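J.: First the structure, which I've put down as structure tokens, then a few questions once you've had a look.
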Amino acid sequence: MSMNTFGHIFRVTTWGESHGPALGATVDGCPPGIEISEEFIQVFLDRRRPGQSKMTTQRQEPDRVRILSGVFEGRSTGTPIQLMIENTDQRSKDYGAIAQAFRPGHADITYHLKYGIRDYRGGGRSSARETAARVAAGGVAQAVLKALVPGLTITGYMVQMGDKHLNRANFDADEILNNPFFLPDATAVADWTDYLEGLRKAQNSVGAAVEVVATGCPAGLGAPIYAKMDSDLAAAMMTINAVKGVEIGEGMAAATLMGTENADEIVMGPEGPEFLSNHAGGILGGITTGQPIVVRFAVKPTSSILTPRRSINAAGEPVDVVTKGRHDPCVGIRAVPVAEAMMACVILDHLLLDRAQTDGVRGEIG
């Protein structure tokens, strides 16, 4: 069992490696009759695409997606949708020096221990390049959500890079797409740029934290115990390369709160129950409340750096490893559109599960 597929009804299988001829995704379970086009999916891929600024890897990939099956005359047919993205700017020679050495912080050593063979060119399957396929699949999910839940929006942004934190008092959603950091604060962009530029010139890297929020998500999605919305979201975010921790709502900060602070009080509004706060992050007992779903995750610093690090080779001999090539000084930046894609896939999957189990029927209040 290779474990390259996620989802219950809306199922995504990704394939391909960083320096192979192409990568992509097979999307199964998409309802028929949904308007889907390469142009619609491309919008999401362009946000993740490398080489758009000095703040990311300079690998120049157009990341043009092709739909090979499952769409006819602009609409989904209900059959598997095959998505393909060609690799056009591989420089495999950059990795010749580490063909027999294990890069500290990378999956090189664990892939070798598990499989006895690894594609050392850019990390192969463990490369963040694989996430392009997820973003393409997320584009399909976004198309379905647009049709089934028109008011639902999914927005990701950076909230931290190293010791730089988002000042939420300056939060401006309109600024997210206006800078290379997906940062909702125009006043902080210059400072974050200088900070990351200094790290890049020092041949170093830095970690980050990303927040992704879904608004307009219906109440009642998810299920108790083994199919919780928050557990599936956490699992999805943890599959993103370099993610080392996930929070829902208050997350780890909930450990500092009293029960009187943390419990989101409820009142009856003109259109139904209303919550006076959202410490739960839009999910209670694994089921959505109808409030914004709030997820945050931490991304470790990029392990590929030019500063020599001690390691060993396949013979067990000590070596100093310098990772050449083109790498992100902060891989968390391009994790933002990946997070949006994963959230879209999970929410759609739970929406289809709910339709199958309850047909959208809900308990009445008032």
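J.: Looking only at the range 328-366, which residues have a backbone nitrogen under 11 Å from a spot 7 Å from the Cα of Thr239 in the C-beta direction?
T.: From the range 328-366, the list is 342-343, 345-346.
J.: Rg over Rh of the range 194-348, using C-alpha atoms and the Kirkwood radius, what does it come to?
T.: Computed over Cα atoms, the ratio is 1.12.
J.: Over the chain, what relative contact order in percent results from Cα pairs under 8 Å that are six or more residues apart?
T.: So the answer I get is 22 percent.
J.: In whole angstrom, note down how far apart the Cα centers of the range 142-176 and the range 277-309 are.
T.: Here the two parts' Cα centres lie 12 Å apart.
J.: Continuing with the same structure: Less than 13 Å apart at the alpha-carbon level, and either on another chain or at least 8 residues along: which aspartates and glutamates does that give for Lys228?
T.: Within reach: Asp349, Asp354.
J.: Here is a further query. Once you have a ≥ b ≥ c as the square roots of the Cα gyration tensor eigenvalues for the range 216-298, tell me rounded if a/c is under 1.5, and otherwise prolate or oblate according to whether a/b is larger than b/c.
T.: Oblate shape, in that a/c is at least 1.5 and b/c is the bigger or equal ratio.
J.: Quick one: of Lys201/Lys244; Lys114/Lys244; Lys146/Lys244; Lys146/Lys300; Lys201/Lys300; Lys114/Lys164, which pairs are farther than 29 Å apart, Cα to Cα?
T.: Those over the limit are Lys146/Lys244; Lys146/Lys300; Lys114/Lys164.
J.: Exactly which trypsin sites (Lys or Arg not before Pro) in the range 251-335 are in a DSSP loop and have at most 16 other Cβ atoms within 10 Å?
T.: Those satisfying the criteria are Lys324, Arg326.
J.: Hey, another quick one. Take the Cα radius of gyration of the range 100-217 and divide it by 2.2 N^0.38 Å, with N its residue count; two decimals is plenty.
T.: Computed over Cα atoms of the range 100-217, the ratio equals 1.37.
J.: Modelled label-to-label distance, Gln100 and Met252, 7 Å Cα→beta-carbon offset: nm?
T.: About 4.0 nm separates the two model spin labels.
J.: So, one more: What value in Å³ per residue do you get for the convex hull of the alpha-carbon atoms in the range 164-241?
T.: Normalising the Cα hull of the range 164-241 by residue number yields 129 Å³.
J.: Tell me which trypsin sites (Lys or Arg not before Pro) from the range 86-188 have a DSSP coil assignment and no more than 16 other beta carbons within 10 Å of their own.
T.: Here the sparse-neighbourhood loop sites are Arg91.
J.: Same structure again: Just to confirm a number: summing +1 for Lys and Arg and -1 for Asp and Glu over residues other than Glu211 whose beta-carbon lies under 12 angstrom from that of Glu211, what do you get?
T.: Net charge in that neighbourhood comes out at 0.
J.: Just to be sure I understand the model, the point goes 7 Å from the Cα along the line to the Cβ. What's the resulting Asp194 to Ile365 distance in nm?
T.: 4.9 nm
J.: In cubic angstrom, how much convex hull volume per residue do the alpha carbon atoms of the chain span?
T.: Residue-normalised Cα hull volume stands at 156 Å³.
J.: So, one more: Which residues in the range 1-31 have a backbone N closer than 17 Å to a point placed 7 Å from the Cα of Tyr226 along the Cα-to-Cβ line?
T.: In the range 1-31, the label zone of Tyr226 (backbone N under 17 Å from the point 7 Å along Cα→Cβ) covers 7-9.
J.: Same structure, new question: Counting each DSSP H run of 4 or more residues in the chain as -39500 (n - 2.57), what helix-only mean residue ellipticity at 222 nm follows after dividing by all residues, to the nearest 500 deg cm²/dmol?
T.: When only DSSP H runs of four or more count, the value is -7500 deg cm²/dmol.
Readers should treat all values here as calculations from the given coordinates under stated rules, not as data from a laboratory. If you're wondering where the values come from, they're calculated on a predicted model, not measured in any experiment. All Cβ positions, glycine included, derive from the backbone under ideal geometry; neighbour counts span all protein chains shown.
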